[in-house]
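Here the structure is laid out as structure tokens; the discussion comes afterwards.
The values are calculated or read from the model by the stated rules, or taken from the named source; none is laboratory data. Note that the structure is a prediction, hence the values are computed from the model and not measured. Backbone-built Cβ (ideal geometry, glycine too); neighbour counts: all protein chains shown. Each accessible area value is taken on the protein alone, full model and side chains, heavy atoms only, with ligands, DNA and RNA left out. Shrake-Rupley method; radii C 1.70, N 1.55, O 1.52, S 1.80 Å.
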Amino acid sequence: MSDADILSTQHRWLEDEELSWIRERVPTVYVEAVPVRTDHLGTVTKVGLLLRPRPDGTVSRAIVSGRVLYGETIRDSLWRHLTKDLGPDAEPLLPPNPSPFTVAEYFPEPSRTGYSDPRQHAVSLVYVVPVSGECAPSQDTLDFSWMSVEDATSPLVATEMTGGQDRLVRMAMAHVGVLP
């Protein structure tokens, strides 16, 4: 896969109708990333959250998320979604070993795992990814903002997130040892 293919936002592997049919029958693999800023010691100081419209017409805060395409490595998928959502100058620093800090399983009904996606059953590999460059919202993202760890994990911001992603942000901050 070339750099142009990885960065392409037009690259699709299924038509909408085909994807809908598959989502009704097979779990889909996703990657999710909690973008962070770190200090010189690698301690997380800021958490980056997107503001984007949802299919139901509402707006919510979100972490970077997207499907892994057929034939695409996890590393390539992370890079593609981070640069697509945060902009080409974001400079995400992918981990040398792409092992997720957790796996989230989304179901249409939230009572199963606490993670929900009304469209599908999805299995998501979740990462904390330091970002050192300039971020600018792209595609369908309305805004992107850096927040303190305290704000990003606050009950107020949790009410602005959907599908259980607020729990993933809290888990990510606990994983890196900075949960307030």
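Considering region 167-180, and only residues there that are in contact (Cβ under 8 Å) with a residue 60 or more places away in the chain and assigned to a helix (DSSP H, G or I), the residue that is most open to solvent (accessible area, probe 1.4 Å) turns out to be His175. Residue pairs whose Cβ atoms lie under 6 Å apart, separated by 6 or more positions or on different chains, with the first residue in region 12-24 and within 15 Å of Gln120 (Cα to Cα) and the second outside any helix (DSSP H, G or I) and modelled with pLDDT of 80 or more, are Arg23/Arg119; Arg23/Gln120. The set of residues in region 121-171 being touching a strand residue (DSSP E or B) at 6+ places or on another chain (Cβ under 9 Å) and of a type in the set (Val, Ile, Thr) consists of Val123, Val126, Val128, Val129, Val131, Thr141, Val149, Thr153, Val157, Thr162, Val169.
So which residues in region 115-152 are among the polar types (S, T, N, Q), under 13 Å from Leu51 (Cα atoms) and modelled with pLDDT of 95 or more, if there are any at all?
Answer for region 115-152, where residues must be among the polar types (S, T, N, Q), under 13 Å from Leu51 (Cα atoms) and modelled with pLDDT of 95 or more: just Ser145.
The numbered conditions (1) touching a residue at least 12 places away in the same chain (Cβ under 8 Å); (2) open to solvent by 50 Å² or more (accessible area, probe 1.4 Å); (3) more than 24 Å from Pro55 (Cβ to Cβ) are all true for Pro155 except (1).
Step by step: first the residues of region 110-140, then only those that are under 17 Å from Leu69 (Cα atoms) and open to solvent by 40 Å² or more (accessible area, probe 1.4 Å), then the one that is farthest from the chain's Cα centre (by Cα). Which residue is that? Among those residues, the one meeting the criterion is His121. Could you check, for region 26-45, whether at least one of its residues is among the aromatic types (Phe, Trp, Tyr) and open to solvent by less than 50 Å² (accessible area, probe 1.4 Å)? Within region 26-45, one or more residues are among the aromatic types (Phe, Trp, Tyr) and open to solvent by less than 50 Å² (accessible area, probe 1.4 Å).
Within region 1-45, which residues are modelled with pLDDT of 90 or more and either within 16 Å of the chain's Cα centre (by Cα) or more than 30 Å from Thr159 (Cα to Cα) (or both)? Matches in region 1-45: Thr28, Val29, Tyr30, Val31, Glu32, Ala33, Val34, Pro35, Val36, Arg37, His40, Leu41.
Residue under question is Ser60, and the condition is that it be under 14 Å from the mean Cα position of the chain (by Cα) and either among the charged types (D, E, K, R) or surrounded by 12 or more Cβ atoms within 10 Å (Cβ to Cβ) (or both); does it hold?
It is true that Ser60 is under 14 Å from the mean Cα position of the chain (by Cα) and either among the charged types (D, E, K, R) or surrounded by 12 or more Cβ atoms within 10 Å (Cβ to Cβ) (or both).
What's the total number of residues in region 130-180 that are of a type in the set (Val, Ile, Thr) and under 14 Å from Ala62 (Cβ atoms)? Of the residues in region 130-180, 5 are of a type in the set (Val, Ile, Thr) and under 14 Å from Ala62 (Cβ atoms).
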